[in-house]
Amino acid sequence: MRATIQLCTYNRAALLERVLDACLEQTVGDREYEIVLVDDGSADSTSSVIERWRGRARCRFTVVSQLNAGLAKARNAGIARATGERIIFIDDDVLPLPNFVEEHLRAAARHPAAIVRGGAIEVESLDDLPPPIWSIKNYSGNYFWTTNVSAPLQTIRAIGGFDESFSEYGWEDIDVGLRLRERGVRAVFHPEALVYHYKPRPSTEAVEKMLRQSRAQARTAARLVTLHPGWRARLATGINPVQRAYHRLLRGLRFADRFRRKLGEPSGERALSRDELRTARALANEAYFDELERALRSPRS
């Protein structure tokens, strides 16, 4: 088995249909790759979707079901069941192109020991996709970003997979990337291994979820810097004197209250306007830095 596509899912049944369809329509031979899917305790119709696609799969299709335990633990469950020489990580909101696995393997043939970072095009709809042409505006500098990345399976297993102390949202893949970098594992960027990354514009009812995720991400950021106290983690997370002082100033000026007033109370379920979206993101950013200070004072950090 040359490659494993590994993905985890949680309560995204409708989206999972599209993602699995794309994963199963690859240009490489059915015996050359497999799909390992971990259902992290979904409570919607995900199990029905999985059963339908289990009967349609021509490649090996392995499903692991577990109680909801977070992405790091789910990733490790997938790694444990993978058999491909190279494991390709994607998320359950990612639509790979038909030559996706082929391009990861093409890059790996030139750089067999390296991480291969693929390209991603962010889209607000999966029904109106732009031409599959990657451009610099979609660039991500993340060393290891599970939206679209691959590495030798044995390399991932050698570092112990994902750190399950990252039980909340955020940074578990950055931790893997930092550990691989510390071991001298090289990363190459291969935009031809391309995916569409589904990022719909948030709705009025999604603002509170954005704030909760930002606060969870702040708590895991504190954990990341505990494990990796160097400048890379501190710059990525904002845990450095410049960014902390700037946001301390904003809190003193009560900018979060201003953002709240500008956003107002949600009126019905609708997509946020561009101006509302900018305001919601600014509010989420302030929630992140507010929670970050609490997390850094916590003994657990």
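When the residues of the stretch 155-173 are narrowed to those that are without any contact (Cβ under 8 Å) to a residue 60 or more places away in the chain and farther than 23 Å from LEU235 by Cα, which ends up farthest from the chain's Cα centre (by Cα)?
Checking each candidate, the answer is ALA158.
So which residues in the stretch 1-47 are among the hydroxyl-bearing types (Ser, Thr, Tyr) and more than 17 Å from VAL101 (Cβ to Cβ), if there are any at all?
In the first step, residues of the stretch 1-47 are kept if they are among the hydroxyl-bearing types (Ser, Thr, Tyr); the result is 4, 9-10, 27, 33, 42, 45-47.
Matches in the stretch 1-47: THR9, TYR10, SER42, SER45, THR46, SER47.
Is it the case that some residue within the stretch 174-195 is over 17 Å from the mean Cα position of the chain (by Cα), over 23 Å from LEU71 (Cβ atoms) and free of Cβ contacts under 8 Å to residues at least 24 places away in the same chain?
Yes, the stretch 174-195 contains a residue that is over 17 Å from the mean Cα position of the chain (by Cα), over 23 Å from LEU71 (Cβ atoms) and free of Cβ contacts under 8 Å to residues at least 24 places away in the same chain.
Let's see how each residue does on (1) among the hydrophobic types (A, V, I, L, M, F, W, C); (2) closer than 24 Å to VAL28 by Cβ:
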| residue | (1), (2) |
| --- | --- |
| GLU85 | no, yes |
| VAL101 | yes, yes |
| PRO130 | no, no |
| TRP145 | yes, yes |
| ILE174 | yes, no |
| ARG183 | no, no |
| LEU194 | yes, yes |
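Please find, within the stretch 55-98, the residue that is farthest from TYR33 (Cα to Cα) out of those that are part of a helix (DSSP H, G or I) and of a type outside the set (A, V, I, L, M, F, W, C).
Going through the qualifying residues, I end up with LYS73.
Would a scan of the stretch 181-193 turn up a residue that is assigned to a helix (DSSP H, G or I), of a type outside the set (Ser, Thr, Tyr) and over 30 Å from ARG281 (Cβ atoms)?
Scanning the stretch 181-193 turns up at least one residue that is assigned to a helix (DSSP H, G or I), of a type outside the set (Ser, Thr, Tyr) and over 30 Å from ARG281 (Cβ atoms).
Determine the pairs where a residue that is touching a residue at least 12 places away in the same chain (Cβ under 8 Å), located within the stretch 58-72, has a partner that is buried (at least 17 other Cβ atoms within 10 Å of the Cβ) and hydroxyl-bearing (Ser, Thr, Tyr) with Cβ atoms under 6 Å apart, the partner being 6 or more residues away or on another chain.
CYS59/TYR33
Kindly provide the set of residues from the stretch 106-135 that are under 27 Å from ARG181 (Cβ atoms) and within 21 Å of the chain's Cα centre (by Cα), ordered by number.
Result: ALA114, ILE115, VAL116, ARG117, GLY118, GLY119, ALA120, ILE121, GLU122, TRP134, SER135.
Within the stretch 33-54, can one find any residue that is surrounded by fewer than 19 Cβ atoms within 10 Å (Cβ to Cβ), at negative phi, more than 23 Å from the chain's Cα centre (by Cα) and assigned to a loop (DSSP other than H, G, I, E, B)?
No, there is no match, as no residue in the stretch 33-54 is surrounded by fewer than 19 Cβ atoms within 10 Å (Cβ to Cβ), at negative phi, more than 23 Å from the chain's Cα centre (by Cα) and assigned to a loop (DSSP other than H, G, I, E, B).
One line per residue, one yes/no per condition, for (1) touching a Pro at 6+ places or on another chain (Cβ under 9 Å); (2) within 16 Å of THR146 (Cα to Cα); (3) buried (at least 20 other Cβ atoms within 10 Å of the Cβ):
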{"residue": "THR83", "(1), (2), (3)": "no, no, no"}
{"residue": "PRO96", "(1), (2), (3)": "no, yes, yes"}
{"residue": "HIS104", "(1), (2), (3)": "no, yes, yes"}
{"residue": "ALA108", "(1), (2), (3)": "yes, no, yes"}
{"residue": "HIS111", "(1), (2), (3)": "no, no, no"}
{"residue": "ALA114", "(1), (2), (3)": "yes, yes, no"}
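Can you find, within the stretch 123-171, the residue that is nearest to ALA221 (Cα to Cα) among those that are modelled with pLDDT of 95 or more and assigned to a helix (DSSP H, G or I)?
ILE156
Given the condition hydroxyl-bearing (Ser, Thr, Tyr), surrounded by 15 or more Cβ atoms within 10 Å (Cβ to Cβ) and out of contact with any Asp or Glu (no Cβ under 7 Å at 6 or more places or on another chain), answer yes or no: does some residue in the stretch 265-275 qualify?
Among the residues of the stretch 265-275, not one is hydroxyl-bearing (Ser, Thr, Tyr), surrounded by 15 or more Cβ atoms within 10 Å (Cβ to Cβ) and out of contact with any Asp or Glu (no Cβ under 7 Å at 6 or more places or on another chain), which makes the answer no.
Looking at GLU293, GLU286 in this structure, which one is crowded, with 18+ Cβ neighbours inside 10 Å, of a type in the set (D, E, K, R) and not assigned by TED's automatic domain parsing to the domain that holds GLY177?
Of GLU293, GLU286, the one residue that is crowded, with 18+ Cβ neighbours inside 10 Å, of a type in the set (D, E, K, R) and not assigned by TED's automatic domain parsing to the domain that holds GLY177 is GLU286.
Enumerate the pairs (first residue in the stretch 26-45 and assigned by TED's automatic domain parsing to the domain that holds LEU97; second residue anywhere and acidic (Asp, Glu)) with beta-carbon separation below 6 Å, excluding pairs fewer than 6 apart on the same chain, so at least 6 apart or on different chains.
Pairs found: THR27/GLU102; VAL28/GLU102.
Here is a check on your reading of the model: is GLU102 acidic (Asp, Glu), closer than 19 Å to GLN217 by Cα and either touching a strand residue (DSSP E or B) at 6+ places or on another chain (Cβ under 7 Å) or not in a strand (DSSP E or B) (or both)?
For GLU102, the condition - acidic (Asp, Glu), closer than 19 Å to GLN217 by Cα and either touching a strand residue (DSSP E or B) at 6+ places or on another chain (Cβ under 7 Å) or not in a strand (DSSP E or B) (or both) - is not met.
The values are calculated or read from the model by the stated rules, or taken from the named source; none is laboratory data. Keep in mind the model is a prediction, meaning the values are calculated, not measured. Heads up, the Cβs are rebuilt from the backbone with ideal geometry, glycines too, and the neighbour counts pull from every protein chain shown.
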